[in-house]
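Taken together, the values in this text are just the output of simple stated rules run on the coordinates, not laboratory data. In this text the structure is predicted, and so the values were computed from the model without any measurement. Methodologically, a virtual Cβ is constructed for each residue, glycine included, from the backbone with ideal geometry; neighbour enumeration extends over all protein chains shown.
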Amino acid sequence: MSTTITSAGTPTDPAGSSRRATLTFGGVLRSEWIKLRTVRSTVWCYAIILLLTVAFGLLLTATFNSRGIGPLPDDGQQAFALQVTTLSIGFSQLVASVLGVLVISGEYGTGMIRSTFTAVPKRIPALLAKAIVFGLITFVVGLVSIVLTALITAPILPGVGIEPDFGDSQYLLGLGGGALSLALVGLMSLAIGAIVRNSAAAIATSLGLLLVVPTVLQILASVTQTTWGLNVATFLPGSASQALYSYGAEGSVINGVVSLSSLEGGLVMMAWVLALTVVAALLIKRRDV
């Protein structure tokens, strides 16, 4: 009885039209935004990122002592001012990583992924929508946290001999790079979550890639007295993302050890995200669920 006839004699189904409307990519994006903002873990994780950033910035500012060091040069002051705002990123990345995994593995755990793929039969748009929404929100939260820390600590820094120049392009690049590193690490973990599908295993894999593998490589490099382990570690997500928010980071090779510039670090991180997302997309298309 819900089917009506148009003046041209073509049957229309309002319910069917509504379903087709939700299959547009804009509709999928709105759906993923609703999912993300209505889950408690999202609010808590982003709140922790904000609190960590401000707290670590205030802690570093309060404990800095320039006695015995003398006045820092301008570049040194800018590097310290940037470190104040980005000191917590190493910890915040872990939070973003866990949240990135839960964004998709949580649906596998509850079975909601079936509903998602029923609404989006092609599946790939659902994965891309999750990545876009999560990546943008994580970047915005990270940037707000970093800028807020910079504004809060700005009146305190002159008291410890640091005069930050907010017009310095390298400083501003570091602020944006810190937020971008959080988003890229989170997206990498989201892709890992889509590949593994189990929350605990995906979190362990993601954190292992960020923390355990670099440590193992450094130990191997120390034991074998070679540089290959350090060079491999340079291209892992932890080191590559750090180059994004290092003041004036420039690519170089010193004593056989490679270091990345900010641009190179960003490209390496994007390569990690792209490669893992492609693998996740292929598996999502081939698996039953």
- Message: Can you say whether residue 150 is crowded, with 20+ Cβ neighbours inside 10 Å, touching a Pro at 6+ places or on another chain (Cβ under 8 Å) and either not charged (D, E, K, R) or not in a loop (DSSP other than H, G, I, E, B) (or both), as far as the supplied structure shows?
- Response: yes
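Mind listing whichever residues of the stretch 142-192 are of a type outside the set (A, V, I, L, M) and in contact with a Ser or Thr (Cβ under 8 Å, 6 or more places away or on another chain)?
Within the stretch 142-192, 142, 145, 149, 153, 161, 174, 177, 178, 181, 186, 189 qualify.
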- Query: Which one of these does residue 164 not meet: (1) within 22 Å of the chain's Cα centre (by Cα); (2) surrounded by fewer than 22 Cβ atoms within 10 Å (Cβ to Cβ)?
  - Reply: (1)
- Query: residue 268 is checked against (1) within 19 Å of residue 129 (Cα to Cα); (2) in contact with a Phe, Trp or Tyr (Cβ under 6 Å, 6 or more places away or on another chain) and fails just one. What number does that condition carry?
  - Reply: (1)
- Task: Scan 197, 286 and give me the residue that is in contact (Cβ under 8 Å) with a residue 12 or more places away in the chain, more than 25 Å from residue 86 (Cα to Cα) and either in contact with a Phe, Trp or Tyr (Cβ under 8 Å, 6 or more places away or on another chain) or of a type in the set (D, E, K, R) (or both).
- Result: 197
- Is the stretch 98-113 home to any residue that is surrounded by 15 or more Cβ atoms within 10 Å (Cβ to Cβ), outside any helix (DSSP H, G or I) and out of contact with any His (no Cβ under 6 Å at 6 or more places or on another chain)? no
- Task: Among what's in the stretch 114-147 and is under 20 Å from residue 191 (Cα atoms) and of a type in the set (S, T, N, Q), pick the residue that is surrounded by the fewest Cβ atoms within 10 Å (Cβ to Cβ).
- Result: 115
- Query: Looking at the stretch 153-190, which of its residues are among the aromatic types (Phe, Trp, Tyr) and either closer than 28 Å to residue 103 by Cα or assigned to a helix (DSSP H, G or I) (or both)?
  - Reply: 171
- Message: For the stretch 232-244, check the following and say yes or no: at least one residue is more than 16 Å from residue 86 (Cβ to Cβ), more than 17 Å from the chain's Cα centre (by Cα) and among the hydrophobic types (A, V, I, L, M, F, W, C).
- Response: yes
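So that you can scan it fast, the table gives a plain yes or no per residue for (1) closer than 23 Å to residue 243 by Cα; (2) touching an Asp or Glu at 6+ places or on another chain (Cβ under 9 Å); (3) of a type in the set (Asp, Glu):
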{"site": "87", "(1), (2), (3)": "yes, no, no"}
{"site": "101", "(1), (2), (3)": "no, no, no"}
{"site": "115", "(1), (2), (3)": "no, yes, no"}
{"site": "119", "(1), (2), (3)": "no, no, no"}
{"site": "145", "(1), (2), (3)": "yes, no, no"}
{"site": "161", "(1), (2), (3)": "no, no, no"}
